[in-house]
Structure formats: C-alpha cells, structure tokens
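Visitor: Mind looking over this structure? Questions follow.
What follows draws every value from the coordinates through simple rules; no lab data is involved. Here the structure is a predicted model, which is why all the values come from computation and not from measurement. Reconstructed Cβ throughout: ideal geometry from the backbone, glycine too, with neighbour counts over all protein chains shown.
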Amino acid sequence: MEHIDFRDQISRNKRNSIFLMVFVILVIVLLGWTISNAFDPSYFFLIMIVSIIFSIFYVWINFYNSDKIAIKSVGAKLADR
C-alpha cells in the first residue's frame, strides 16, 4: 500500500477547496447572467455586480463556517472530560 504524506493531502485539499470555491462563484455569476438576459438586459451590469458580490460573500461565509456545518451535519456532541 502506498504511503501518502499528510502534507500532500493538505495541499491537495487546499487546491480542491479553491477549485470548488471558484466553481461556486462561477455558477452564481452564470445564474446572474442568465437572469439579467432573461428579464431585462438593460440592468445587466447591476445584476452582474450584485451576483459577483453575493457569490464572493456566500463563498467566504461558507468557507469560514464549514467546520461548524460539518460538525452539525453529523450530530457531533462535546466529549466528556
């Protein structure tokens, strides 16, 4: 069995996290682009600015709260001493 260094796992996890964050930002911006073209193209820049700001804020909040989200999703409890 191949030995995997924990430093390699950490760097791979960081790289994958960045790819995931960029992907989520792109999906939200694409959604904003679709909405702006579907409803009123004259508000394109306003909708795009709002979608970019919202997507960055959304990813930033979720990144810094991901540990709490993961702990709550499995129902973890504080250990007794």
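Visitor: Determine, yes or no, whether Ile4 is β-branched (Val, Ile, Thr), surrounded by 10 or more Cβ atoms within 10 Å (Cβ to Cβ) and either part of a helix (DSSP H, G or I) or on the phi < 0 side of the Ramachandran plot (or both). It would help to see each step written out before you state the result.
Guide: On the way: β-branched (Val, Ile, Thr): yes; surrounded by 10 or more Cβ atoms within 10 Å (Cβ to Cβ): no; either part of a helix (DSSP H, G or I) or on the phi < 0 side of the Ramachandran plot (or both): yes.
Here the answer is no, as Ile4 does not meet what is asked.
Visitor: Within the range 11-30, identify whether any single residue is part of a helix (DSSP H, G or I), more than 18 Å from the chain's Cα centre (by Cα) and either of a type in the set (Val, Ile, Thr) or over 24 Å from Ile61 (Cβ atoms) (or both), and answer yes or no.
Guide: Taking the range 11-30 first, the residues part of a helix (DSSP H, G or I) are 11-30.
Still in the list and also more than 18 Å from the chain's Cα centre (by Cα): none.
Among the residues of the range 11-30, not one is part of a helix (DSSP H, G or I), more than 18 Å from the chain's Cα centre (by Cα) and either of a type in the set (Val, Ile, Thr) or over 24 Å from Ile61 (Cβ atoms) (or both), which makes the answer no.
Visitor: Also: Could you tell me which residue of the range 51-71 is farthest from the chain's Cα centre (by Cα), considering only residues that are surrounded by 10 or more Cβ atoms within 10 Å (Cβ to Cβ) and more than 23 Å from Val29 (Cβ to Cβ)? Give the steps one after another, and end with the answer.
Guide: First, pick out the residues of the range 51-71 that are surrounded by 10 or more Cβ atoms within 10 Å (Cβ to Cβ): 51-63, 65-66, 70-71.
Those still in the list that are more than 23 Å from Val29 (Cβ to Cβ) too: 70-71.
Numbers: Ala70: 14, Ile71: 17 Å.
Among those that are surrounded by 10 or more Cβ atoms within 10 Å (Cβ to Cβ) and more than 23 Å from Val29 (Cβ to Cβ), it is Ile71.
Visitor: Name the residues in the range 57-79 that are among the basic types (Lys, Arg) and in a helix (DSSP H, G or I), would you? Give the steps one after another, and end with the answer.
Guide: Filtering the range 57-79 down to residues among the basic types (Lys, Arg) leaves 68, 72, 77.
Lys68, Lys72, listed by residue number.
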